[in-house]
């Protein structure tokens, strides 16, 4: 019950600032310790307990992952484009970094289904290629109206 | 004389078949088989067979979107990627089904009393499913992820049906079932 309340609290106070599943996924992954897999959120932990806060964040992370997997390729491209704009990085640098480092691979929840994770990674790869092709459009590859 | 040999052969074959079907099932390795079966069932029901997941992997709308970008390179990349994921889906479904079939062929009867008709039906479904998976692998490999949407749908539906039967066979492992005093409670204790 506490975990459900904490998750609801998290959605209302923190995640409301991240309307897109991609942003929520990245935000929640950033709150997780890479060495232990434990999520940290001081505010939530003080209102509930560190354990409850961790579990609530893990649940919200899984939820964001499921939402992102269920989004179409077109939606993912849109979200990636919006996320890229929100970082204020040059699109060329952003795409080069994401293609090279593949940060999305460490952004998924620990217990994700391997197929769903592979599917998402594959969709990211195509989405990045689409964004890249828009930066350097070839004469033969003008998008259809 | 020939008739006698034929009758004796037939009798021996019948006895052997009877012995095969009535043989006591071994309990050795039963816990491992149960764990594998439970994992396979969970993977199938939770990750591989949900309709939205299957629909996403084989979603034509994504292809339409990529085609609208007007780039042959993008289209090729997308089809290669989706083909890889589709093949991964089929191989994982097949792998989990093999694990479930082993459970049913081995220790399921020891733990869960399925009637012979259900067992025969399951045997038929498993054979059909594994064949369908092989066919899908060939189709997807040769013609891409959108080659056989009907086989994908039929495979997912039959696999879901088989999972339901397996779930009933494994129901005695769930705490709720044990608390309700399920008919296999004694067998659970034995396990």
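The values are calculated or read from the model by the stated rules, or taken from the named source; none is laboratory data. From a predicted model like this one, the values you see are computed outputs, not experimental measurements. Neighbour counts are summed over all protein chains in view; Cβ atoms, including those assigned to glycine, are modelled from backbone coordinates with ideal geometry.
When residues in the stretch B:122-154 are screened for being under 20 Å from residue B:52 (Cα atoms) and loosely packed, with under 13 Cβ neighbours inside 10 Å, 2 of them pass.
Against the criterion of being modelled with pLDDT under 95 and surrounded by 14 or more Cβ atoms within 10 Å (Cβ to Cβ), residue A:141 qualifies.
Say whether the condition of being within 11 Å of chain A (Cβ to nearest Cβ) and within 20 Å of residue B:151 (Cα to Cα) is met by at least one residue in the stretch B:63-75. Looking for residues that are within 11 Å of chain A (Cβ to nearest Cβ) and within 20 Å of residue B:151 (Cα to Cα), one finds at least one in the stretch B:63-75, hence yes.
Considering only residues of the stretch B:49-72 that are within 30 Å of residue B:100 (Cα to Cα) and free of Cβ contacts under 8 Å to residues at least 60 places away in the same chain, which is surrounded by the fewest Cβ atoms within 10 Å (Cβ to Cβ)?
Step one: list which residues in the stretch B:49-72 are within 30 Å of residue B:100 (Cα to Cα), which gives B:49-59.
Those still in the list that are free of Cβ contacts under 8 Å to residues at least 60 places away in the same chain too: B:50, B:52-53, B:55-56, B:59.
Details: B:50: 18, B:52: 11, B:53: 21, B:55: 15, B:56: 21, B:59: 17.
Out of the qualifying residues, it is B:52.
Here the helices (runs of 4 or more DSSP H) wholly within the stretch A:42-145 that include at least 3 residues being within 16 Å of residue A:22 (Cα to Cα) are A:50-70, A:73-86, A:91-101, A:114-135.
Listed here are the residues, each with its yes/no results for (1) touching a helix residue (DSSP H, G or I) at 6+ places or on another chain (Cβ under 8 Å); (2) surrounded by fewer than 18 Cβ atoms within 10 Å (Cβ to Cβ); (3) within 29 Å of residue B:45 (Cβ to Cβ); (4) in contact (Cβ under 8 Å) with a residue 12 or more places away in the chain.
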residue	(1), (2), (3), (4)
A:65	yes, no, yes, yes
A:70	yes, yes, yes, no
A:94	yes, no, no, no
A:101	no, yes, no, no
A:106	yes, yes, yes, yes
A:113	yes, no, yes, no
A:119	yes, no, yes, yes
A:130	yes, no, no, yes
A:133	yes, no, no, no
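When we screen A:39, A:27, A:18 for residues that are touching a strand residue (DSSP E or B) at 6+ places or on another chain (Cβ under 6 Å) and free of Cβ contacts under 8 Å to residues at least 24 places away in the same chain, the only hit is A:39. The numbered conditions (1) at pLDDT 95 or above; (2) over 18 Å from residue B:69 (Cα atoms) are all true for residue A:113 except (1).
Looking at A:64, A:107, A:58, A:82, which is the one that is in contact with a strand residue (DSSP E or B) (Cβ under 8 Å, 6 or more places away or on another chain), within 28 Å of residue B:55 (Cβ to Cβ), at pLDDT 95 or above and more than 13 Å from every other protein chain (Cβ to nearest Cβ)?
On the way: A:64 fails: in contact with a strand residue (DSSP E or B) (Cβ under 8 Å, 6 or more places away or on another chain); A:107 fails: in contact with a strand residue (DSSP E or B) (Cβ under 8 Å, 6 or more places away or on another chain); A:82 fails: in contact with a strand residue (DSSP E or B) (Cβ under 8 Å, 6 or more places away or on another chain).
Being in contact with a strand residue (DSSP E or B) (Cβ under 8 Å, 6 or more places away or on another chain), within 28 Å of residue B:55 (Cβ to Cβ), at pLDDT 95 or above and more than 13 Å from every other protein chain (Cβ to nearest Cβ) holds for just one of A:64, A:107, A:58, A:82, which is A:58.
Could you check, for the stretch B:114-121, whether at least one of its residues is modelled with pLDDT of 80 or more, surrounded by 15 or more Cβ atoms within 10 Å (Cβ to Cβ), under 17 Å from the mean Cα position of the chain (by Cα) and under 19 Å from residue B:47 (Cβ atoms)? Scanning the stretch B:114-121, I find no residue that is modelled with pLDDT of 80 or more, surrounded by 15 or more Cβ atoms within 10 Å (Cβ to Cβ), under 17 Å from the mean Cα position of the chain (by Cα) and under 19 Å from residue B:47 (Cβ atoms), so the answer is no.
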